[in-house]
Amino acid sequence: MKLILKLAAIAGMSVLLLIPLSMIEVQIAGRSAHQAEVTRNIAESAAGAQTLLGPICVVRYRELVERREKDPASARETIRHEITENTVVLPPQRLKIAGEARVESRSRGLYRARLYHLALQLSGNFSVPPNLGLDPARSIVDARAFLVLGISDPRGIDNDPEVNVNGSTRRFTTGTIGLPAPQGVQLALGALDLVQGESYDFAFPMNLTGSERLAIAPAGDSTTVALKSDWPHPSFQGRFLPTTRTVGAAGFEARWQVSHLARSFDRVLKAPDANNPAETLDINFMDPVNVYLMSDRAVKYGILFVVLTFSTFFLTEILQRHPIHPMQYLLVGLALAVFFLLLIALSEHVRFGLAYAISASACVTLIGAYLSGAFGSRLRGAAFAAGFAALYAVLYGVLLSEDNALLMGTLLVFAALTATMLATRRIDWYRVGSIAAEAVH
């Protein structure tokens with residue numbers, strides 16, 4: 001009966017310690033939300049994540065259309081001519097984008113956000129076929145062409161670029177005439193020769209500021225993108241990964257080559273949604289260590305720490321007949337919970353690895369000193385402290401290896417179960433109740 005009561009008390013304390021662990025999780029979630037809010041505020045005052053679409057050639061044309069109408073009363077057919085206005089969007093035959101990004105970190109209090117300053121050089125060419133490539137029988141009255149560049153947040157444009165078109169210099173105006181992109185800049189190329197068609201070669205520089213992420217839509221029939229940066233932790237995402245890339249401590253260099261066979265121009269022009277993911281290549285200037293995400297993942301292992309610790313204490317009571325009071329269980333469990341609070345508090349001021357080392361060292365020292373007095377033996381206290389140090393080391397490995405977290409966590413549980421089974425393999429469990437009762441007294 002006393003064994004059952006002891007097990008119930010241990011189970012109750014384990015559940016009770018979920019309360020401080022849950023409170024710490026709530027605190028981490030609140031700090032993470034504040035971090036996201038600061039990032040949004042900095043983006044609102046500077047520029048948000050940027051998506052580039054184009055440059056693309058937009059042609060506005062007028063067409064003479066014949067309308068046949070039948071009078072229902074007289075059954076006579078009349079012919080009426082009217083002018084309609086339409087738009088056709090043409091991709092560049094060749095689009096080349098090259099640039100270099102400098103990443104800047106801005107802080108508000110304890111929270112930081114990243115901005116990138118991108119120096120781009122864009123060049124390429126358009127070819128407008130005779131009669132806009134439409135049926136020659138169609139009567140096109142006139143047409144005018146525009147070079148349009150979609151930019152998700154035009155506030156990030158830091159220069160007024162001179163655009164070289166067929167040897168002449170022109171400048172952008174605001175607007176995205178005929179392009180689905182909600183914001184951007186445009187440039188009038190003038191009237192088209194509908195008989196011969198037209199060809200345009202263009203080139204211009206652009207300085208662009210954005211935050212966190214850069215996405216580029218490969219609009220050309222042949223699109224080449226070459227980017228480099230001083231940021232050593234890029235995350236390459238989107239529907240197109242770089243064909244070559246080099247990432248090191250000094251930064252990264254990456255190159256994409258996308259042909260019209262690999263992308264859908266219609267999808268490039270459409271706004272992304274759940275059924276139509278963005279047809280872009282993405283670079284995320286990510287933080288290599290998100291302290292809030294890492295701390296949240298660490299807290300999720302808190303109950304495992306408690307269970308392993310209480311299991312070890314219980315086996316110590318049974319195997320060595322050394323009684324451990326429930327209050328001692330509880331105090332050690334609270335020390336384990338405080339580790340996670342220390343971790344999140346320190347990681348906002350120093351690197352996560354250093355914060356983890358300080359927090360773990362403080363808790364291991366505290367628990368080791370406490371158990372040395374509780375057991376009346378420095379050796380036992382040191383043995384428990386070494387076990388806790390090994391446990392924290394394993395947890396740190398799990399946090400650093402997100403892809404292998406499940407495997408490492410499973411191996412940890414399996415190792416604990418193996419140690420428990422080996423340590424208790426010679427125990428006569430029919431006599432455990434009496435042994436535990438003696439331990440309690």
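Of note:
- Shown in residue order for the stretch 153-169 are the 3J(HN,Hα) couplings computed by the Karplus curve 6.51 cos²θ - 1.76 cosθ + 1.60 at θ = phi - 60°: 9, x, 4, x, 6, 9, 9, 10, x, 8, 9, 8, 10, 6, x, 9, 9 Hz (x for Gly and Pro).
- Exposed trypsin sites (Lys or Arg not before Pro) absent: longest stretch of the chain, with sites in DSSP loops and at most 15 other Cβ within 10 Å deemed exposed: 139-269
- In the chain, taking the dipole from charged Cβ atoms about the Cα centre, the farthest positive-side position among L336, V88, V247 is held by L336.
- Contour excess over end-to-end distance, with Cα ends at I83 and S311 and 0.36 nm allotted per residue: 73.6 nm
- Taking all protein chains into account, the per residue accessible area for the stretch 265-386 stands at 46 Å² (1.4 Å probe).
- About the centre of its Cα atoms, the stretch 275-407 shows a dipole size close to 820 debye [charges on the beta carbon of Lys, Arg (+1) and Asp, Glu (-1) only; nearest 20 debye].
- Summarising the label geometry, the points placed 7 Å from Cα in the beta-carbon direction at A191 and L293 lie 5.7 nm from one another.
- Largest GNM mean-square fluctuation among L187, L417, L227, using the chain with Cα springs under 10 Å: L417.
- Accessible carbon and sulfur surface of the chain relative to its total accessible area, %, 1.4 Å: 58 percent
- Charging the Cβ of each Asp and Glu at -1 and of each Lys and Arg at +1, and nothing else, the dipole of the chain about its Cα centre rounds to 1540 debye.
- In the stretch 1-156, a dipole from Cβ-located charges (positive for Lys and Arg, negative for Asp and Glu) runs towards its positive end, and of I79, A49, A29 it is A29 whose Cα lies farthest in that direction.
- Sorted peptide list for 7-20, 387-400, criterion being average Cβ within 10 angstrom, highest first: 387-400, 7-20
- Antiparallel %, DSSP beta bridges [both residues in the chain], to 5: 90 percent
- Across S45, S123, S311, the residue with the most accessible area heads the list, and the full order at a 1.4 Å probe is S45, S311, S123.
- Shape call, the stretch 1-55: gyration tensor on alpha carbons, a/c limit 1.5: prolate
- Convex hull volume per residue in cubic angstrom - Cα atoms of the chain: 230 Å³
- Mean separation of Cα contacts under 8 Å (6+ apart) over length of the chain, as relative contact order %: 16 percent
- Two-site FRET efficiency, H349 against A390, from Cβ-Cβ distance with R₀ of 25 Å, rounded to 0.05: 0.40
- Once the mean of 1/r is taken over each pair of separate Cα atoms and inverted, the stretch 253-366 shows a Kirkwood hydrodynamic radius of 18.7 Å.
- Taken one residue at a time, the phi angles of the stretch 242-256 give Karplus couplings (6.51, -1.76, 1.60, θ = phi - 60°) of x, 6, 9, 7, 9, 10, x, 5, 8, x, 9, 9, 9, 9, 10 Hz. Gly and Pro are set to x.
- Residue-wise HN-Hα coupling along the stretch 348-364, computed from phi with Karplus coefficients 6.51, -1.76, 1.60 (Hz; x: Gly, Pro): 6, 10, 10, 4, 4, x, 5, 4, 5, 5, 5, 5, 5, 4, 4, 6, 5
- At a probe radius of 1.4 angstrom, the accessible area of the stretch 16-126 per residue rounds to 53 square angstrom.
- Going by accessible surface with a 1.4 Å probe and the largest first, S259, S372 read S259, S372.
The values are calculated or read from the model by the stated rules, or taken from the named source; none is laboratory data. As the structure is a computational prediction, the values presented were derived from the model and not from experiment. Note that we place each Cβ from the backbone using ideal geometry, even for glycine, and neighbour counts take in every protein chain shown. All accessible areas refer to the heavy atoms of the entire protein, side chains included, with ligands and DNA or RNA removed. Shrake-Rupley method; radii C 1.70, N 1.55, O 1.52, S 1.80 Å.
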